[in-house]
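The structure appears right after this line, and notes come after that.
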Amino acid sequence: MRDSSRVWRAQGFRWDGVTLRAYEGGQGESEGVTRQVLADEGDVAFETRYFEVAAGGFTRLERHPHAHVVVVLRGSGEARLEDRTEAIGPADCVYVAPQERHQFRASRGEVLGFLCMVDRARERPPAD
């Protein structure tokens, strides 16, 4: 059975009916990160998630067998991509290749918010 089309209404960077979750990561592996899964249903083969990184916070440094794409919606920070670091800001798009170590960091003084699109059928990241 196919799901019906729908709209998730946003209020700021929170969507009605979408659970705000803490980002997975052990203490010290990430800091100040939340996520919301916006679309992971129906006939699409991908998930759309919104991550928010508090000012000065960071995601876990990880690698995994699947690629994903990140689009920055607000704030600024850095994307660590294997052995290099790139500055990122609103409307920047980041492709993360399979098996490449990566991490996102927010600048001090502002929140970094980004959409992340990833294959729904994927392996979860191993501890690195």
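The values are calculated or read from the model by the stated rules, or taken from the named source; none is laboratory data. Here the structure is a predicted model, which means the values were calculated and not measured. What goes into the accessible areas is simple: the full protein's heavy atoms, side chains included, and nothing from ligands, DNA or RNA. Shrake-Rupley method; radii C 1.70, N 1.55, O 1.52, S 1.80 Å.
Remarks
- Ser107 contributes about 40 Å² of solvent-accessible surface, heavy atoms of the protein only, 1.4 Å probe.
- Across Tyr50, Tyr95, Tyr23, mean-square fluctuation computed from a Gaussian network of the chain (C-alpha pairs under 10 Å connected) peaks at Tyr95.
- By a 1.4 Å probe calculation restricted to protein chains, Asp92 has an accessible surface near 60 Å², given to the nearest 10.
- Probe 1.4 Å - accessible area at Val111, Å² to nearest ten: 50
- Heavy-atom accessible surface of the chain: percent carbon and sulfur, 1.4 Å: 47
- The chain - accessible surface per residue (Å², probe 1.4 Å): 58
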